[in-house]
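Single-structure report; data block below.
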Amino acid sequence: MAARAQGLILAVALAAGAAAGAQPAARIVSLVPALTEMLFAIGAGPQVAAVSNYDDFPPEVKTLPHVGALLDPDVERILALRPDLVITYKSQDALEAQLAGAGIKTFSYRHGNLDALFRTMHDLGAATGHPAGAAGKAEEIRQQLEAVRARVAGRGRPRVLLVFGREPQTLRQLYVSGGAGFLHEMLDIAGGTNVFGDVRRESVQPSQETLLARAPDVILEVRATRPVLGTEVGRERAVWSALPSVPAVRTGRIHFLNGDHLVVPGPRIGAVTEAFARAIHPEAFQ
Amino acid sequence: MTGPSSAVVRVDAAPQPIRLRLTFTLLGYGALALLACLVAPLVGSTPISVSRAFDRSVPFADNIDAQIFFLARMPRVLAGAVVGAALASAGVVLQALLRNPLATPFTLGISAGAALGAMLAISAGAAVALGPISSVPLASLAGAFLATALVYALATRPGRPMSTAVLLLAGVTLNSFFSALILFVQYMADFAEAYRTVRWLMGDLDVGGFGPIAGILPLVLVAFALFATLPSSLNLLSVGADIAATRGVDVARTERRAFLSAALATSAAVALAGPIGFIGIVVPHLVRLMTGADHRVVLPASALFGAAFLVGCDLVARTVLAPVEMPVGIVTAMIGGPFFLWLLVRKA
């Protein structure tokens, strides 16, 4: 008897899930900050019911419930919010299975390059009932990127080292962009040649020797979490003088860009690409 | 039991050849270490011209070969030699002190304390420095000293010799305790920092110049000065504390000295390069298999062989996947493990 009742409930739940799949999601929980930004950018902001612990943009998300993140999603709270769509990371298999069991659809996100970003935006528009909003936003970003590309066209393409992690005050534990991923592609649009472009990985940990050998003309240090400000700029810049033959060190072309938006593959990449271009080709923006 | 005691008997029965054996062993292992340190800077991910590296007519600021040789490779080779020697010697001393062939420099919780310090510094993004020592090595030294003090306090009672059983148990327990705290810090850190902490645990000899090596060198030198006073006492101590005492060894003093010197060497090595595994256990055993168990030979030979071994492993680590690097701790285990097993099987 109990088993039959359970089966009935499951069937109803599945039917409800299937029915929900036919129409756009009305209550969305997003565990991926980049996609939360996209939702608001394409006009699906009012449908967002909760976000991840790492979300802080746009400002509207600050008042929404925060329900965990990649490693620690709060399944109970997510279920209690009764969403009809949960945006998850591709690796959150267990969570996706649990949500499927509750008849809740998931939108699996896999981190990738710029093409993947536009594809994600398109799919997100379709899933949330904002295909036009998504297409419009994608076009706007494409135009921003093209504007940057046009701005630096015909200029030299300096060899750039794009750093996104380093132990403060030393050149140890360096993480730089390899020749894959959205940061590498944005660097390319911004008119720079990635010195590690031949290494087909998103992140490379170069030794001092490789840094000397690759001899970048410009060093861009992206600081997502701990900004380099005031007197620190001089101190952190001086760290690089340990490698005196590197052209960027000799000419002082070492730039620090602060802000966590710099490493988010979301709707703000146009502005970030322009920031890269301004650092690499300041003369093009005078 | 038969291994160490037969070594003692051999030493007692034939006191004369030891000087000769020591000379030959040190010459052999010294030559190996020297060779490793001379060859390693010549090889790397980038081909360089050695003659151009030493060409004084080109200004240093323009001489990339010289910079790669002197700024990138020499500090690494030196760091490898210092860390390899320190970890291997600490392993020898702790195996004798604890009378346990499985003891390593990381058994007593000192490296876990160092790791906890490093994790905290990485996740806090601290940017304080003490001379050439930057925040992460500094915090890891502090953690190592804290762990040393804790283990020491637990294992000693006023007026009584140190209890090696308590020392071992306290060390192992402290290891687990610190590991839990490390996991907690990693769990609370954001992605990038959590990954950096994991990377730190794999060990890294790209120390970024001579400064950091110079910073920890005084600690290593003090440790080695203490090591130099130990071998004869360790020979007797590894048979048993009672036997050592009847032969005139000041057991309490020797044990204290052995513990503190090994702790100091471990702290310095881990602060500089992270907890590079396998050296502290494989090198002492390899050397014992080749030279016998007399600590007067084993200790200096292990220091030299440890230096050569780590410099060699780092050479592999920085060239095999070039331009990407392999963490050196992975190489030490992948080379050291099979080599050790092969020697073990061949001898047996």
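The values are calculated or read from the model by the stated rules, or taken from the named source; none is laboratory data. This structure is a prediction, so every number in the text was calculated from the model and none was measured. Using ideal geometry, Cβ is built from the backbone for each residue, glycine included, and neighbour counts are taken over all protein chains shown.
I need the full set of residues from region A:193-223 which are of a type outside the set (Ser, Thr, Tyr) and assigned to a helix (DSSP H, G or I), in order please.
A:208, A:209, A:211, A:212, A:213, A:214 - these are the residues of region A:193-223 that are of a type outside the set (Ser, Thr, Tyr) and assigned to a helix (DSSP H, G or I).
Please state which of the following conditions residue B:156 fails to meet, knowing it meets all the rest: (1) buried (at least 21 other Cβ atoms within 10 Å of the Cβ); (2) more than 14 Å from chain A (Cβ to nearest Cβ); (3) among the β-branched types (Val, Ile, Thr).
Answer for residue B:156: the failing condition is (1).
State all residues of region A:227-248 that are under 20 Å from residue A:214 (Cα atoms) and part of a helix (DSSP H, G or I); if no residue qualifies, say none.
The answer is A:237, A:238, A:239, A:240, A:241, A:242, A:247, A:248.
Of everything in region A:60-99, what is of a type in the set (Gly, Ala, Ser) and free of Cβ contacts under 8 Å to residues at least 12 places away in the same chain? Give them in sequence order.
Those that are of a type in the set (Gly, Ala, Ser) and free of Cβ contacts under 8 Å to residues at least 12 places away in the same chain: A:80, A:94, A:97.
Considering B:190, B:204, which residue is buried (at least 17 other Cβ atoms within 10 Å of the Cβ), within 14 Å of chain A (Cβ to nearest Cβ) and of a type in the set (D, E, K, R)?
Within the list B:190, B:204, the selection yields B:204.
Of the residues that sit in region A:150-167 and are farther than 16 Å from residue A:256 by Cβ and free of Cβ contacts under 8 Å to residues at least 40 places away in the same chain, which one is surrounded by the most Cβ atoms within 10 Å (Cβ to Cβ)?
A:157
Of everything in region A:197-221 that's within 11 Å of another protein chain (Cβ to nearest Cβ) and in contact with a helix residue (DSSP H, G or I) (Cβ under 7 Å, 6 or more places away or on another chain), which residue is farthest from residue B:69 (Cα to Cα)?
Per the criteria, the residue is A:215.
So for region A:59-67 (the condition being of a type in the set (A, V, I, L, M, F, W, C) and under 29 Å from residue A:136 (Cα atoms)), does at least one residue qualify?
Step one: of region A:59-67, the residues of a type in the set (A, V, I, L, M, F, W, C) are A:61, A:64, A:67.
From what's left, under 29 Å from residue A:136 (Cα atoms): A:61, A:64.
Checked against the condition, which is being of a type in the set (A, V, I, L, M, F, W, C) and under 29 Å from residue A:136 (Cα atoms), region A:59-67 yields at least one hit.
From the list A:111, A:130, pick out the single residue that is over 17 Å from residue A:240 (Cβ atoms), within 14 Å of chain B (Cβ to nearest Cβ) and touching a residue at least 40 places away in the same chain (Cβ under 8 Å).
Answer to the check: A:111.
Any idea which of (1) crowded, with 20+ Cβ neighbours inside 10 Å; (2) within 20 Å of the chain's Cα centre (by Cα) is the one residue A:170 doesn't satisfy?
(2)
Would it be correct to say that residue B:118 is closer than 23 Å to residue B:278 by Cα, in contact (Cβ under 8 Å) with a residue 12 or more places away in the chain, among the aliphatic types (A, V, I, L, M) and buried (at least 19 other Cβ atoms within 10 Å of the Cβ)?
Spelling it out, residue B:118 is indeed closer than 23 Å to residue B:278 by Cα, in contact (Cβ under 8 Å) with a residue 12 or more places away in the chain, among the aliphatic types (A, V, I, L, M) and buried (at least 19 other Cβ atoms within 10 Å of the Cβ).
Only one of these is under 19 Å from the mean Cα position of the chain (by Cα), closer than 29 Å to residue A:57 by Cβ, within 12 Å of chain B (Cβ to nearest Cβ) and in contact (Cβ under 8 Å) with a residue 24 or more places away in the chain: A:259, A:266, A:178, A:270. Name it.
Going through A:259, A:266, A:178, A:270 in turn, just one is under 19 Å from the mean Cα position of the chain (by Cα), closer than 29 Å to residue A:57 by Cβ, within 12 Å of chain B (Cβ to nearest Cβ) and in contact (Cβ under 8 Å) with a residue 24 or more places away in the chain: A:178.
Inspect all residues belonging to region A:261-276 and state whether any of them is in a strand (DSSP E or B) and of a type in the set (A, V, I, L, M). Spell out how you get there, then give the answer.
Within region A:261-276, the first condition is being in a strand (DSSP E or B), and the residues that meet it are none.
Taking every residue of region A:261-276 in turn, none turns out to be in a strand (DSSP E or B) and of a type in the set (A, V, I, L, M).
State whether the residues of region B:297-309 include one that is surrounded by fewer than 23 Cβ atoms within 10 Å (Cβ to Cβ) and among the aromatic types (Phe, Trp, Tyr).
The answer is no; no qualifying residue exists.
Of all residues in region A:159-173, how many are within 8 Å of chain B (Cβ to nearest Cβ) and more than 17 Å from residue A:253 (Cα to Cα)?
Count: 7.
Looking at region B:52-137, what helices (runs of 4 or more DSSP H) fall wholly within it and have at least 1 residues that are within 14 Å of chain A (Cβ to nearest Cβ) and within 17 Å of the chain's Cα centre (by Cα)?
B:74-97
Let's see how each residue does on (1) surrounded by 16 or more Cβ atoms within 10 Å (Cβ to Cβ); (2) away from every other protein chain (no Cβ under 14 Å); (3) at pLDDT below 90; (4) at negative phi:
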residue: A:65; (1), (2), (3), (4): no, yes, no, yes
residue: A:83; (1), (2), (3), (4): yes, yes, no, yes
residue: A:90; (1), (2), (3), (4): no, yes, yes, yes
residue: A:97; (1), (2), (3), (4): no, yes, yes, yes
residue: A:103; (1), (2), (3), (4): yes, yes, no, no
